[in-house]
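Values in this text are rule-based calculations from the coordinates and carry no lab data. Here the structure is a predicted model, which means the values were calculated and not measured. Glycine gets a Cβ as well: all are built from the backbone with ideal geometry, and neighbour counts include every protein chain shown.
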Amino acid sequence: MIKAAELPDTIAIFPLPGALLLPRSRLPLHIFEPRYLQMLEDALKTPTRLIGMVQPNEVPGRGGHGLQSIGCAGRITQFSETEDGRYLITLGGMSRFRVVQEVQGFTPYRRCEVKWDGFDRDLGPDETDAGFNRDRFTILLERYFDAQQLSADWDTLKEADDELLINSLSMMLDFDPEDKQALLEAPSLSTRRETLVTLIEYQLRGGNESEMIQ
């Protein structure tokens, strides 16, 4: 486990639209572009083996870097090379961060100076959600999966811990990038669950905000 004092001030950035990584969650990635193969090689040489996942931002902020201001760093926990030189890797979510500015250099991939302040909870133990009504949520989720023609291992979902269930669904379900960003920025697990429920209900209404599901 990485300690707060070990988090670096500058990390490699992987701006991937729609890809969400959350603390204490796992994200599989397929690396094949030359610049990101170099990023992987360089990250593996560092003590923390961190890569920062950040959503691109079509409306750049004051810094003009074209990235969302908050991302999540993941530690490379698994990697394997295919016969044609591609890599399959897994990132273990460590902590969210704020982008300070992009660092100019000679790497083919992007690097940013980041701050970890305000996300101390990310390096702690699993969160719980005291207000989580699991039965009601499962009914809503079954309706959503039916509407989207998705299959699921319901026994596994019902047995999953609160954080594992909510975070896994937040990462897996097909939401717009700005919705993924809202899930990332949720300050607590209960807030993320409330955001997730809102997004699921919105899609079940066909994008009609005027109708409420009871």
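Distance between the modelled labels on TRP154 and MET1, one decimal in nanometres: 3.6 nm (7 Å Cα→Cβ projection).
Ordered by packing density, taken as the mean number of other Cβ atoms within 10 Å over each peptide's residues, highest first, how do 77-87, 21-31, 106-116 rank? The partial results should precede the final answer.
Working: 77-87: 10.9, 21-31: 18.5, 106-116: 16.5.
Ranking, from highest mean packing down: 21-31, 106-116, 77-87.
Backbone amide hydrogens, once placed in the peptide plane, bring ARG26 within less than 5 Å of GLY93, excluding anything fewer than 5 places away on its chain.
The alpha-carbon positions of the stretch 134-204 define a convex hull whose volume is 80 Å³ per residue. Taken over the chain, the alpha-carbon convex hull comes to 148 cubic angstrom per residue. The spread of Cα positions in the stretch 1-104, taken along each principal axis and listed from longest to shortest, comes to 43, 30, 25 Å. The angle between the Cα long axis of helix 189-204 and the longest principal axis of the Cα atoms of the chain comes to about 60 degrees, rounded to the nearest 10.
Relative to the longest principal axis of the Cα atoms of the chain, the long axis of helix 134-148 makes an angle of roughly 80 degrees.
Axis angle, to the nearest 10 degrees, between helix 162-172 and the longest C-alpha principal axis of the chain: 70 degrees. The string of couplings for the stretch 80-87 from the Karplus curve (6.51, -1.76, 1.60, θ = phi - 60°) is 9, 9, 8, 5, 9, x, 7, 10 Hz, one whole number per residue in order, with x for Gly and Pro. Per 0.36 nm of contour for each residue apart, how much would the distance between GLU201 and ARG136 grow if the chain were fully extended, relative to their Cα-Cα spacing? Taking 0.36 nm per residue and subtracting the Cα distance, the gain is 22.1 nm.
The antiparallel fraction among DSSP beta bridges confined to the chain stands at about 90%.
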